[in-house]
1. When residues of segment 231-255 are filtered for being surrounded by 14 or more Cβ atoms within 10 Å (Cβ to Cβ) and under 19 Å from LYS27 (Cα atoms), how many remain?
2. In segment 1-57, how many are surrounded by fewer than 12 Cβ atoms within 10 Å (Cβ to Cβ) and acidic (Asp, Glu)?
3. Would you say ARG182 is within 13 Å of the ligand (Cβ to nearest atom), modelled with pLDDT of 95 or more and open to solvent by 50 Å² or more (accessible area, probe 1.4 Å)?
4. Looking at segment 98-110, which of its residues are open to solvent by 40 Å² or more (accessible area, probe 1.4 Å), out of contact with any Phe, Trp or Tyr (no Cβ under 9 Å at 6 or more places or on another chain) and either aliphatic (A, V, I, L, M) or on the phi < 0 side of the Ramachandran plot (or both)?
5. Assuming ASN175 fulfils every condition listed in (1) under 21 Å from ASN98 (Cβ atoms); (2) in contact with a strand residue (DSSP E or B) (Cβ under 9 Å, 6 or more places away or on another chain) apart from one, which condition is it?
6. Considering segment 231-251 alone, what residues qualify as being more than 22 Å from ASN189 (Cα to Cα), of a type outside the set (A, V, I, L, M) and part of a helix (DSSP H, G or I)?
7. Restricting attention to segment 167-179, which residues are of a type outside the set (Val, Ile, Thr), within 10 Å of the ligand (Cβ to nearest atom) and either open to solvent by 70 Å² or more (accessible area, probe 1.4 Å) or within 13 Å of GLY126 (Cβ to Cβ) (or both)?
8. Filter segment 198-216 down to the residues that are farther than 19 Å from PHE251 by Cβ and not hydrophobic (A, V, I, L, M, F, W, C), then identify the one that is surrounded by the most Cβ atoms within 10 Å (Cβ to Cβ).
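The values are calculated or read from the model by the stated rules, or taken from the named source; none is laboratory data. All values reported here derive from a predicted model rather than from experimental measurement. Positions of Cβ are generated from backbone atoms using ideal geometry, with glycine treated the same way; all protein chains shown enter the neighbour counts. What goes into the accessible areas is simple: the full protein's heavy atoms, side chains included, and nothing from ligands, DNA or RNA. Shrake-Rupley method; radii C 1.70, N 1.55, O 1.52, S 1.80 Å.
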Amino acid sequence: MKGLAAANLKMNLTGQQTLSLVKNYIKLIKKTKQDVVVCPSYTALPLVAPVIKKSRLQLGAQDVFYEQKGAFTGEISTDMLKELGCRFSIVGHSERRNYLKETDELVNLKVKWALKAGITPILCIGEDAYSRDGGESFSFVEKQLKACIAGVEKKNIHKVALAYEPIWALSTTANRRDITSREITQMHNYIRKILKDVYDVMAAAQVRILYGGSVNEQNISEILKAENVDGVLVGAASLDARKFARIVAAFDARK
Ligand code: PEP
C-alpha cells in the first residue's frame with residue numbers, strides 16, 4: 001500500500017504564501033512514490049490547482065459540507081471542491097470538533113457524503129489528555145471511530161484514510177506531550193482490529209491509517225518504527241517545505 005503524507009496548512013497562509021510554499025514542495029518531492037496531499041485554505045485552492053497539475057502533489061480541502069447545494073451559509077460542497085481538482089478532504093479535525101462543536105454524527109454525514117462524491121475523507125479521530133490519563137483512550141477512540149464510519153459499507157471503507165491524532169500530542173496543544181512509537185503501535189493496531197471487527201480482515205487491511213501529532217523531520221524515523229503507520233498528517237512542520245519534504249522522503253526510504 002502506498003504511503004500518504006498530507007499537509008494540513010490550517011488557517012495560516014494567504015493564497016500567495018501558499019503558492020510559494022507549494023512550488024517549493026513540488027521541487028522537493030519530485031521523486032516520491034507516495035501519495036502527497038496539500039490541504040490549504042479554501043481561498044488558495046484555485047491558485048494551487050493549476051500549479052500542481054503536472055506534479056506529484058494532490059489537492060485536498062480542510063473540510064467539506066454534507067449537502068450539495070442550498071441555504072448553508074459559509075459551507076462548501078463536494079462539487080465546488082471537485083471543480084478545483086480536490087480529491088481529498090480532512091473531516092472531523094479536533095480543532096473543528098473543539099471550536100465549532102462538530103459532533104461524531106455530523107462528521108459521519110461528511111464522511112458518507114465525501115465518499116459518495118468520490119472525495120477521499122481524511123477522517124481525524126483521537127482522544128484528549130483527559131481520556132488518555134484516565135485510561136480511556138482505547139474506548140474513546142473505538143466509540144468515536146465507530147460513530148464516524150457508521151453506515152459506510154464494507155466495499156467503500158478502503159476509500160477512507162483514517163488519521164489518528166491524539167490531541168495531547170498536537171504541536172498546538174498547551175502542555176503537549178511526545179508520543180512514543182510503542183503508543184502509536186498500540187493505538188494503530190487497535191484501530192485495525194476495530195476495522196476488522198466491524199468489517200473483516202481483508203477490508204481492514206486496505207484502510208490507510210495515518211498518524212498525526214507533531215510529526216516533523218526529526219521524529220519521523222521513530223514514528224515509522226511503529227506498526228500500522230500508512231501515512232502521516234502534518235500540521236506545523238508542513239509550513240516549511242524542506243521539513244515536509246524530509247518527512248515524505250522518510251516514507252520513500254522505508255523498507
Ligand atoms: C494537526 O493539527 O492536524 C497536526 C497534525 O498538527 P501538528 O503536526 O502541528 O501537531
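1. Of the residues in that region, 15 qualify.
2. 0
3. Numbers: within 13 Å of the ligand (Cβ to nearest atom): no; modelled with pLDDT of 95 or more: yes; open to solvent by 50 Å² or more (accessible area, probe 1.4 Å): yes.
Taking the combined requirement at face value, the residue does not satisfy it.
4. The initial filter retains those residues of segment 98-110 that are open to solvent by 40 Å² or more (accessible area, probe 1.4 Å), namely 98-101, 103, 105-106, 109.
Adding the requirement that they be out of contact with any Phe, Trp or Tyr (no Cβ under 9 Å at 6 or more places or on another chain) leaves 98-101, 103, 105.
Matches in segment 98-110: ASN98, TYR99, LEU100, THR103, GLU105.
5. Of everything listed in (1) under 21 Å from ASN98 (Cβ atoms); (2) in contact with a strand residue (DSSP E or B) (Cβ under 9 Å, 6 or more places away or on another chain), ASN175 misses just condition (2).
6. Hits for segment 231-251 are SER238, ARG242, LYS243, PHE244, ARG246.
7. Start the filter on segment 167-179 by keeping residues that are of a type outside the set (Val, Ile, Thr), which leaves 168-171, 174-178.
Retained after the next criterion (residues that are within 10 Å of the ligand (Cβ to nearest atom)): 169-171, 176.
Within segment 167-179, ALA169, LEU170, ARG176 qualify.
8. Within segment 198-216, the subset farther than 19 Å from PHE251 by Cβ is 198-204.
Among the residues that remain, those that are also not hydrophobic (A, V, I, L, M, F, W, C) are: 199-200.
Details: TYR199: 20, ASP200: 12.
The extreme case among them is TYR199.
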